[in-house]
1. Could you calculate the contour length gain from Leu160 to Leu263, that is, 0.36 nm times the residue separation minus the distance between their Cα atoms, to one decimal place in nm?
2. For Tyr5 and Glu47, what is the calculated FRET efficiency with R₀ set at 30 Å and r taken between the beta-carbons, to the nearest 0.05?
3. Find which of Ala249, Gly259, Gly290 sits farthest along the positive direction of the dipole of the stretch 170-290, computed with +1 on the beta-carbon of Lys and Arg, -1 on that of Asp and Glu, about the Cα centre.
4. Place a +1 charge on the Cβ of each Lys and Arg in the stretch 164-208 and a -1 charge on the Cβ of each Asp and Glu, then give the dipole magnitude about the Cα centre in debye, rounded to the nearest 20.
5. Between Glu106 and Asn144, what is the spin-label point distance in nm, taking each point 7 Å from the Cα along the Cα→C-beta axis?
6. Using a 1.4 Å probe, how large is the accessible area of Met193, given in Å² and rounded to the nearest 10?
7. Measuring with a 1.4 Å probe in the full set of protein chains, what accessible area per residue, in whole Å², belongs to the chain?
8. Among rounded, prolate and oblate, which fits the stretch 237-289 when a ≥ b ≥ c are the square roots of the eigenvalues of its C-alpha gyration tensor, a/c under 1.5 means rounded, and a/b larger than b/c means prolate?
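The values are calculated or read from the model by the stated rules, or taken from the named source; none is laboratory data. This one's a predicted model, so the numbers in the text were calculated from it and none came from an experiment. As a convention, Cβ positions derive from the backbone with ideal geometry for all residues, glycine included, and neighbour counts pool all protein chains shown. What goes into the accessible areas is simple: the full protein's heavy atoms, side chains included, and nothing from ligands, DNA or RNA. Shrake-Rupley method; radii C 1.70, N 1.55, O 1.52, S 1.80 Å.
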Amino acid sequence: MSATYRPRRSALYMPASNARALEKARSLACDVVILDLEDAVAPDAKETARSAAAKAVWDGGYGNRELVIRVNRLDTPWGIDDVHAAAAAGPAAILLPKVEGPAEVEHLALEMDKAGARPDVRIWCMIETPRGFLRIEDIAFAHNRLGCLVMGFADLVKDLRAEDTPDRAPLAYAMSRAVMTARAAGLDILDGMYPDFRDIAGLEAQAVQARQFGFDGKTLIHPGQIDTVNAVFAPSAEAVAHARAVVAAFTAARAAGKGVATLDGVMVESLHAEVAQRLVDIADAIAARG
Ligand code: COA
Ligand code: MG
């Protein structure tokens with residue numbers, strides 16, 4: 001199994017002010033739990049949500065799910081206190097919304113250091129505005145705590161004055177640019193959420209499209225979305241069996257001093273073996289979660 005692959009197929013948002021949701025998340029099948037202090041929490045509930053998120057991290061009980069706290073932007077009345085509370089509790093990552101430049105990432109990293117955050121607490125950045133997408137490269141390389149980019153396409157569609165079409169053609173440039181950047185910077189990248197949580201067919205189609213673009217997973221807003229997205233972002237049994245055969249064919253060719261192999265009449269080069277090995281690692285990591 002790969003030591004580095006970490007499944008992030010499904011990342012479920014929940015308002016940190018919603019005690020029932022936080023409790024429920026301890027038994028849900030999502031890979032990531034995002035405790036939100038930002039847009040899902042009303043101004044009056046910000047302080048309660050902050051304490052509840054920190055307490056959830058301290059108390060634990062989330063098994064191998066990664067816990068991420070989405071803080072308010074640092075230029076809001078709550079942002080700095082959110083970061084200090086989150087950093088002290090030590091989640092897997094702090095998610096910063098509406099990032100528009102590297103200075104915001106550096107500022108967050110500085111506040112995390114001041115609050116004594118462990119070195120392994122990562123920074124995840126939401127890219128959801130035209131300015132954010134235009135500076136995504138600078139953001140992605142801004143700090144070595146960065147671990148993941150998270151798309152906020154609902155905000156982007158609004159700001160672009162674009163239309164939210166089912167095929168997401170108006171977003172293709174942003175999606176492609178974002179995945180390209182994540183790969184160049186060695187980061188994971190998660191697709192935006194699908195708000196119509198009763199429409200499972202629509203969710204599935206969008207998740208398949210995200211996977212085709214190269215996304216590692218999708219952000220979600222409702223538990224009913226988890227199984228669909230987990231299945232879309234996990235390799236199928238046939239794909240894994242084929243990948244194992246590709247790796248075996250290439251390994252045998254190498255042992256015989258050859259640079260290429262054939263499998264069922266198709267050429268296998270080292271790039272195919274690499275893709276196949278990654279797929280096997282992903283399948284093993286998912287299976288290890290039980
Ligand atoms: N996380 C954890 N549990 C959730 C959940 C979530 N995001 N959304 C719903 N649930 C739970 C409910 O508490 C309920 O549990 P119960 O039946 O055991 O009491 C169950 O799932 C069914 O919920 P349902 O009645 O279908 O939904 P709702 O009408 O209560 O809530 C939303 C709908 C959209 C308000 C809710 O799903 C939500 O708050 N989602 C997250 C919003 C968010 O965080 N947005 C910010 C990022 S875009
Ligand atoms: Mg947003």
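1. Between Leu160 and Leu263, full extension yields 32.4 nm more.
2. On the way: r = 38 Å, r/R0 = 1.25.
After rounding, the FRET efficiency stands at 0.20.
3. Gly259
4. 220
5. About 1.7 nm separates the two model spin labels.
6. Met193 exposes around 70 Å² with every protein chain in place.
7. Details: 13440 Å² over 290 residues.
Here the residues of the chain average 46 Å² of exposed surface.
8. It is prolate, given that a/c is not under 1.5 and a/b is the larger ratio.
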